[in-house]
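Colleague: Below you will find the structure I want to go over with you.
The values are calculated or read from the model by the stated rules, or taken from the named source; none is laboratory data. Computed from a prediction, not measured in an experiment: that's the story for all the values here. Quick reminder, even Gly has a Cβ in these numbers, built from the backbone with ideal geometry, and neighbours come from all protein chains shown. Protein only, heavy atoms only, side chains kept; ligands, DNA and RNA dropped before computing areas. Shrake-Rupley method; radii C 1.70, N 1.55, O 1.52, S 1.80 Å.
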Amino acid sequence: MYTTELGKADSKAPVPLVQEDPELLAAFEARVAADDFIEPKDWMPDAYRKTLVRQISQHAHSEIVGMLPEGNWLTRAPSLRRKAVLLAKVQDEGGHGLYLYCAAETLGTSREDMIDALHSGKAKYSTIFNYPTLTWADIGAIGWLVDGAAIMNQVPLQRTSYGPYARAMVKVCKEESFHQRQGYEIMMAMANGTPEQKAMAQDALNRWWWPSLMMFGPPDANSPNSAQSFRWRIKRDSNDDLRQKFVDITVPQADYLGLTVPDPAVTWNEVKGGYDFGEVDWEEFYAVVRGEGPTAKERLKARREAWDNGAWVREAADAHEAKRRARLAA
Ligand code: BYC
């Protein structure tokens, strides 16, 4: 995503928001308030368009960069079945990235510009993909926790106000459910396996738990984009509400596996009807957002190399298209 740079000429000097026509703005806001979908050719405020490009392109980058930690295990999956399932999942993530880039393109930003922003380090992608996958159990933990957190965040996005983004989320959510189950199934096999396998499963839970909670973004009180995104129904649930829902669903799943969530503060709170839990290390979160995560450099290097190595495919596709057009014109 183009980060807050979108509304700024440089990172220090804020650019005033475009002064919108009050009548058009009022009509737009009334449509959003009535839960109408906004479509690509409809009038929309400049800041709405920019917020969507920021969020959807971040989401697309996350899907594509997210293929890397799991791709790392494709050649080492413990059986042919596990390899086939993981391969299908990683391919699904590539597909999600493509739907999302297409949705962002309908807002008038080119794919090249979005990819350029990722490769130059200007654009963000989810912090979660800056952590390494050290053992096979990490593949189980990613499916269970990371895809589980993604579903929690993406189900409400099926009702986001921008039509192409909402529709992309429908297929993405169906596939994410399969991803979450494949991860949990790996965790079940390991948690019920040898003591060494169970220890690997616990270690993976220990390492992925807190980064998964960070996926929902900063606490509501420190979320600069939330107020406007709620008003325009881009966001339907708050960062903290989704994080709470995730904890409430996931803690009993860990219990069922016979594993322990690495947070001594987790306790059922009868009054709120949910779990209390400890404070996320927000310093770590912001450091990872700044590009200081354990595998951040490796991830961007892999993406840049993939783009450069794929140049011949793009050139061949362009040449084929030019020939096809020339034939049609002749
Ligand atoms: N990582 O004001 P806030 C997947 C940034 S992939 C990095 O709350 P917002 C999968 C945020 O961008 C699923 N940055 O922002 C793939 C903002 O910075 P800027 C990925 C983060 O947008 C492969 C600043 O912090 N899902 O499932 O209202 C394999 C302040 O935050 C993060 C999506 O992308 C983060 N975690 O809310 C397996 C979902 N959190 O731009 C699985 C779509 C926050 O102002 N995105 N920041 O400089 C969203 O729902 C929202 O953008 C967020 C943040 C809830 C993430």
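Colleague: Does residue 220 qualify as being within 12 Å of the ligand (Cβ to nearest atom) and at pLDDT 95 or above?
Modeller: yes
Colleague: Has segment 217-228 got at least one residue that is within 17 Å of the chain's Cα centre (by Cα), surrounded by 17 or more Cβ atoms within 10 Å (Cβ to Cβ) and assigned to a helix (DSSP H, G or I)?
Modeller: Taking every residue of segment 217-228 in turn, at least one turns out to be within 17 Å of the chain's Cα centre (by Cα), surrounded by 17 or more Cβ atoms within 10 Å (Cβ to Cβ) and assigned to a helix (DSSP H, G or I).
Colleague: Select from segment 99-130 the residues that are in contact (Cβ under 8 Å) with a residue 24 or more places away in the chain and farther than 28 Å from residue 284 by Cβ and list them in ascending order.
Modeller: Once the filter is applied, which keeps residues that are in contact (Cβ under 8 Å) with a residue 24 or more places away in the chain and farther than 28 Å from residue 284 by Cβ, segment 99-130 yields 99, 101, 102, 103, 104, 106, 107, 108, 109.
Colleague: Which residue out of 299, 303 is of a type outside the set (Phe, Trp, Tyr), in contact (Cβ under 8 Å) with a residue 12 or more places away in the chain, within 21 Å of residue 122 (Cβ to Cβ) and in contact with a His (Cβ under 9 Å, 6 or more places away or on another chain)?
Modeller: None of the other options fit; the residue is 303.
Colleague: Separate question: Please determine, by comparing only the residues of segment 90-101 that are open to solvent by less than 40 Å² (accessible area, probe 1.4 Å) and not aliphatic (A, V, I, L, M), which one is farthest from the ligand (Cβ to nearest atom).
Modeller: If we take residues in segment 90-101 being open to solvent by less than 40 Å² (accessible area, probe 1.4 Å) and not aliphatic (A, V, I, L, M), then 101 is farthest from the ligand (Cβ to nearest atom).
Colleague: Looking at 97, 121, 66, which one is of a type in the set (Gly, Ala, Ser) and modelled with pLDDT under 95?
Modeller: Values: 97 fails: modelled with pLDDT under 95; 66 fails: modelled with pLDDT under 95.
It is 121.
Colleague: Further question on the same structure: Looking at segment 235-254, is at least one residue more than 12 Å from the ligand (Cβ to nearest atom), out of contact with any Gly (no Cβ under 6 Å at 6 or more places or on another chain) and free of Cβ contacts under 8 Å to residues at least 24 places away in the same chain?
Modeller: Scanning segment 235-254 turns up at least one residue that is more than 12 Å from the ligand (Cβ to nearest atom), out of contact with any Gly (no Cβ under 6 Å at 6 or more places or on another chain) and free of Cβ contacts under 8 Å to residues at least 24 places away in the same chain.
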